[in-house]
Amino acid sequence: MKSCIAAVGVVLIAAWVLPYGLGGYSIHVIDIALIYALLALGMGLAMGVSGQINLAQVAFFGVGAYAVAILTTHNGYGFWAASVLAVLATVAAGLLVGIPALRMQSHYLGIVTLGLALGFINWITNADISGGADGISGVPVPRIPGVDLSSEYLYYYLEAVVFALGLVFGLFVVHTSLGRRLRAMRDDALAAGAMGAEIPLLRMTAFLLASLYGGVAGVLYAGLIRYVAPETFSTANMFILLAMVIIGGRRSLVGCVVGAIGLTLVREWLSDFSTYAQLGYGVVVVLMVVFAPTGLAGVPARLRALYERRRGRTSARAELRPFVPYDVTPQPPSSEPLLTVDTVVKDFRGLRALDEVSLTVDAGEIRGIVGPNGSGKTTLFNVISGFYRPTAGQVAFAGARTTTARPYTLSLAGMARTFQNLRLFGQMTVRENVLVALDRTRTHALWQYAVWQPGVVRRERRLRERARDILGRYGLADFADADPASLPYGIQRRIEIARAMAAQPRLLLLDEPAAGLNGEEVQQLIRIVRSIRDSGTTVLLIEHHMGLVMSLCEKVTVLSSGKVIAEGTPSEVVASPEVIEAYLGDSELSSRLGRGPGQPTDRAKEATS
Ligand code: ADP
Ligand code: MG
């Protein structure tokens, strides 16, 4: 912490004295570098932090700069009034460009945003109001009483202040509630939705942030150069910007800044060889993507990992501790079922995965869902938790119709789930994984970021305390700062349950939680699930592991080829001829049932007694 404060102090002093040693042209280059740094911050927030490929950043830059130029020269606005309007116009453009992100992702989104940026460049090159290819000159010098901003030295200080604010705000966003959700969305949008993150709103937020930084950079550019022309906002510059972010490290805002300032300086230095330089940047970007995908910002961590591996140091002392049971909370009896699935059908292009499935689950149950592979169990969970819309039929949860509800709505209404193939947020620590689910603030409540940051900090502190409790309860305290992918499978499974329970659900859906666990881990899982139910959370459990179902569930629903073929206590179900028939084809399961088909169910009875 102390070294961190010292480092910030050194940077601030260096930034303060920097212009004293520089000539007029050098300070101009630094001024340009800071503008690119702001652009790169916006790019990093959208692409690196939120995973939204945004190739329109240079157009946001252009909207900001052109809006200032047009409003001051055509409409007679003062510089600052024009600036405010210009930033608003850029944010509006950002939200417009963000709309496609609601429907498409990855390279499709890249192509669409690039297309919109090209449209913008085309427009400014041809329109009268933007001065065509000649651009607009005569933008007035911004006025601050007592400061002559026509001096590029003094302009540097204005930029430095704006840039510092932008960097601090960006880091604040990344390391608190909003940024955590954006990163969760980047790592796994489906899982983030199931944890209550409002994905559409978050995607728009990513574009809002990108355009905000783009607009501010555009305003500063217009005030610095006082002339705007199309070539500044060309695709070649978009590529340079992309190179800055990738070389610096898109997931780290500091990396983006280093990339932007570094590449601006290199570009200036190579300005006599610009054709070859452009080729060079391309090669460097390709090398970076292949050999150092986390960019320069990721290099220290990679070196540290390498060093520790050399030294043979591992986190051997970290251990999974026993689960601490919840307090038992007796639930008042309720007359209504917690979950009702009513004749649900789900078709996938000719394949009927669910065929008129009906079931009701009462509050306080542990309900087992069993069935051979491919019988529709996971599909049923996906319908219940809002991932799939059923082709026909209805679902009701906690007294409300939820057939068409989105996963995040259901999460906020008290439903949580785990996934058959683990879906932890891979680029976040174990603690952050839990924090994403713990945080129940709605995205629209994040206006606090704009006007009342102490509120955000206070909430953050409360959340972190609760995360510590949850990690402690699930015996995961030693792994709080670990990267989940580096941990053994059994621990990852437990993290997923801890994460789901962090949302304090009324209904917990567990999809094959025992898959891949060893005998001791299964015993612990049984204790955990019982305690979860005793704490007042209803559990719906898909399981292949028959022993687990036998000892945990009061009631079991059996699916086969998308149909419910039996329902009852585990011993009733195992004795049912339909169930025995269905399992005939699944030798693995019949052996897990502990008998050949058609034989008596002694072992199953033993297991339940
Ligand atoms: P289970 O979890 O019981 O093993 P699933 O619910 O995963 O079974 O799958 C049921 C059937 O639906 C399978 O035949 C599977 O191939 C099909 N299925 C599941 N999801 C999809 C999907 N997204 N698209 C097409 N078919 C699917
Ligand atoms: Mg499944």
Quick one: how many residues across the stretch 359-381 are open to solvent by less than 10 Å² (accessible area, probe 1.4 Å), farther than 21 Å from E581 by Cβ and near ligand 2 (Cβ under 10 Å from one of its atoms)?
1
Hits in the stretch 348-365 (condition: part of a strand (DSSP E or B) and either more than 9 Å from ligand 1 (Cβ to nearest atom) or modelled with pLDDT of 95 or more (or both))
D355, E356, V357, S358, L359, T360, V361
Anything in the stretch 382-415 that is in contact (Cβ under 8 Å) with a residue 60 or more places away in the chain, within 16 Å of ligand 2 (Cβ to nearest atom) and crowded, with 22+ Cβ neighbours inside 10 Å? List them, or say none.
I384, S385
By my count, helices (runs of 4 or more DSSP H) wholly in the stretch 229-297 with at least 3 residues that are among the aromatic types (F, W, Y) and assigned by TED's automatic domain parsing to the domain that holds L165 are 274-291
Failed item, numbered, when R431 is tested on (1) within 23 Å of T537 (Cα to Cα); (2) open to solvent by 60 Å² or more (accessible area, probe 1.4 Å); (3) out of contact with any Asp or Glu (no Cβ under 7 Å at 6 or more places or on another chain)
(3)
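Conditions tested, residue by residue: (1) among the small types (G, A, S); (2) within 19 Å of D31 (Cβ to Cβ); (3) open to solvent by 70 Å² or more (accessible area, probe 1.4 Å).
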{"residue": "L71", "(1), (2), (3)": "no, no, no"}
{"residue": "A86", "(1), (2), (3)": "yes, yes, no"}
{"residue": "A92", "(1), (2), (3)": "yes, no, no"}
{"residue": "A101", "(1), (2), (3)": "yes, no, no"}
{"residue": "T113", "(1), (2), (3)": "no, no, no"}
{"residue": "I121", "(1), (2), (3)": "no, no, no"}
{"residue": "A127", "(1), (2), (3)": "yes, no, no"}
{"residue": "I136", "(1), (2), (3)": "no, no, no"}
{"residue": "P142", "(1), (2), (3)": "no, yes, no"}
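Kindly provide the set of residues from the stretch 366-424 that are assigned to a helix (DSSP H, G or I), away from ligand 1 (no atom under 13 Å from the Cβ), among the hydrophobic types (A, V, I, L, M, F, W, C) and out of contact with any Phe, Trp or Tyr (no Cβ under 7 Å at 6 or more places or on another chain), ordered by number.
Restricting attention to the stretch 366-424, the residues satisfying the condition of being assigned to a helix (DSSP H, G or I) are 377-384, 407-412.
Next cut, away from ligand 1 (no atom under 13 Å from the Cβ) only: 407-412.
Filter once more, so that each one left must be among the hydrophobic types (A, V, I, L, M, F, W, C): 410, 412.
Once the filter is applied, which keeps residues that are assigned to a helix (DSSP H, G or I), away from ligand 1 (no atom under 13 Å from the Cβ), among the hydrophobic types (A, V, I, L, M, F, W, C) and out of contact with any Phe, Trp or Tyr (no Cβ under 7 Å at 6 or more places or on another chain), the stretch 366-424 yields only L412.
Does E356 qualify as being surrounded by fewer than 17 Cβ atoms within 10 Å (Cβ to Cβ) and touching a Ser or Thr at 6+ places or on another chain (Cβ under 7 Å)? Break it down stepwise before answering.
Details: surrounded by fewer than 17 Cβ atoms within 10 Å (Cβ to Cβ): yes; touching a Ser or Thr at 6+ places or on another chain (Cβ under 7 Å): yes.
Against the criterion (surrounded by fewer than 17 Cβ atoms within 10 Å (Cβ to Cβ) and touching a Ser or Thr at 6+ places or on another chain (Cβ under 7 Å)), E356 qualifies.
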Among the residues of the stretch 248-275, which ones are at pLDDT 90 or above, surrounded by 24 or more Cβ atoms within 10 Å (Cβ to Cβ) and within 22 Å of the chain's Cα centre (by Cα)?
L253, G255, C256, V257
Go through the residues of the stretch 554-565 one by one and say whether even a single one is assigned to a helix (DSSP H, G or I), modelled with pLDDT under 90 and more than 16 Å from ligand 2 (Cβ to nearest atom).
no
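Out of curiosity, is E308 away from ligand 2 (no atom under 16 Å from the Cβ) and closer than 30 Å to E520 by Cα? It would help to see each step written out before you state the result.
Values: away from ligand 2 (no atom under 16 Å from the Cβ): yes; closer than 30 Å to E520 by Cα: no.
The answer is no for E308.
The values are calculated or read from the model by the stated rules, or taken from the named source; none is laboratory data. If you're wondering where the values come from, they're calculated on a predicted model, not measured in any experiment. Reconstructed Cβ throughout: ideal geometry from the backbone, glycine too, with neighbour counts over all protein chains shown. Just the protein is used for accessible areas: all its heavy atoms, side chains included, with ligands, DNA and RNA removed. Shrake-Rupley method; radii C 1.70, N 1.55, O 1.52, S 1.80 Å.
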